[in-house]
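Enquirer: Just dropping this structure here.
Where a number appears in this text, it was derived from the coordinates with a stated rule and is not lab data. A quick note: this is a predicted structure, and the numbers were derived from the prediction, not measured. Cβ placement follows ideal geometry from the backbone for every residue including glycine, while neighbour counts extend to all protein chains displayed.
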Amino acid sequence: MIHYSLILGSALLYGSAFIAPAYCWWAVFVFAVPLFYLYLRRLMTVSEAGLWVLTAFMVHFYPTLEGIIPLLEVSLASKVLLIIAFLNIFAIYTLFFFLVHSFFNGFISIIFIYWLFFIWLEHGSFCFLGRLEGYMFCNPLLPLVEYPGFLYYLPKIGSPGLLLMLLVTQASFVYAVLGGTWWRLCFMSCIIFWLLSLLAFNLELKKDTDIQGIAIAPHKIAAHDSITYTAHQLRDYCKIVLKKFPQAQLILFPESACQCPLFLGEKDCVALLADCYIGKSVTLLIGGFRWDQGAYRNTVYWIQDGKVIDIFDKRHAMAVTERRASKYLKKFPDIVPSGAARPVWHIRENVAIVPYICSELFFNHAPDHRAHDSEIIVAFCNDGWVKRDYMRYIMALGARFKAIQWHIPLVYVAYYYQMLCETTGEFTSYQALRVPEDAGKD
């Protein structure tokens, strides 16, 4: 029974750091301690491995299934098959833990294997969906964004290097308690590393990103047969936003804010968003969709004074909801990723914006544009499909994590969370306008 208590305690510590990171961020420093201790005592059984995996990863997969299943327009049998596929993921993870504890000898080997496991989670665990990519929100470093001083060395040694330090810290603590002299020195070295990280963070001169006049309108504009009607809705929304934020020079709408293809080839409709109709000169960046020679694109539009200045088509497509949408979500065609280079939009003097659309931010392990000091990433995201607020907050933490990791300031634009993420991990929340549902209707 004591062994099951250790397994369950470890999994709950890991999960709590993601469910309530503001209060339980510290749990990432101790969640693996029971696992390392158990390894020194005896091998882990299949049932114990299954208990850890099911408890720990249900934190992530339950809200994912909860959000996706209601969207599926397939038979009950197909929904059951999808759930079985997710259960198979748990089975694979369980097999991994069992094999680790059964076939690998040596404490250092176990540290290395656990490290590889979390690297695989972030870089390759979704390979069964047809692409070598993983799930960054399982990274144990993510809750530490709440205290970004611990992530000071993230841009320098990378996520794998810092993750290894996190695991070595916990493993060396276990051996140090049991009397290993070398491991005591190792543990003290790890403590010094984290203290130096905090000290360097506090001594570094902070430079705030200078970008003013941003207003965020986190609203979906429903699809309509008339694009003119959609343009009227957008115009009226923008008027309300400017009434609330009269200093705004840039209005940002999240990913897929407009649920229908927008504007291209409809110049009269675009004209409805001219400065003279909105009430002042303002730049609009709007997440939407478009058809491009038979390919359906997830798009961001740059609109200025009633003209489409430029467009950016998403370069990545999510499995099920985008890559195989026509198979599972019959209302939506497949999103076709673009092969075009990522643009840099000079929207006004001294303000250069690089657009990223949702999964492009979270699934890229490095920026795929040539970064310059004067540029700011604007991430157009959709957290509206997730029903659990803690998962929406984890997405926002992920944006802050990327700003630190890539060392590029980032504006996170979603439906529930909106913020300016500094390269230090600090952030400034935007006061988004909550427009009434009937706004813009004639």
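Enquirer: When LYS156, LYS402 are ordered from fewest to most other Cβ atoms inside 10 Å of their Cβ, what list results?
Expert: Ordered from fewest to most neighbouring Cβ atoms within 10 Å, LYS156, LYS402 come out as LYS156, LYS402.
Enquirer: Send over the per residue convex hull volume for segment 214-429, Cα only, as a whole number of Å³.
Expert: Taking only Cα atoms, segment 214-429 has a hull volume of 122 Å³ per residue.
Enquirer: Quick one: ARG388, ARG400, ARG235, fewest Cβ neighbours within 10 Å first, how do they rank?
Expert: Going from least to most buried by this count: ARG388, ARG235, ARG400.
Enquirer: May I pose another question? Return the percentage of antiparallel bridges among DSSP beta bridges fully within segment 214-429, rounded to the nearest 5 %.
Expert: 60 percent
Enquirer: Working from the pairwise distances between different alpha carbons, so that the mean of 1/r is found and then inverted, what is segment 156-261's Kirkwood radius in Å?
Expert: 19.1 Å
Enquirer: Using mean Cβ contacts within 10 Å as the protection proxy, how do 336-344, 297-305 order, highest first?
Expert: Per-residue mean Cβ counts within 10 Å order the peptides as 297-305, 336-344.
Enquirer: While we're here: Based on other C-beta atoms within 10 Å, arrange GLU255, GLU133, GLU375 from fewest to most.
Expert: With the fewest neighbours first, GLU255, GLU133, GLU375 line up as GLU375, GLU133, GLU255.
Enquirer: Can I ask one more? Show me 117-124, 214-221 ranked by packing, highest mean number of other Cβ atoms within 10 Å first.
Expert: Highest to lowest by the protection proxy: 214-221, 117-124.
Enquirer: Which order do the peptides 236-246, 164-174, 145-155 come out in when sorted by mean C-beta neighbours inside 10 angstrom, highest first?
Expert: Descending packing order for the listed peptides: 164-174, 145-155, 236-246.
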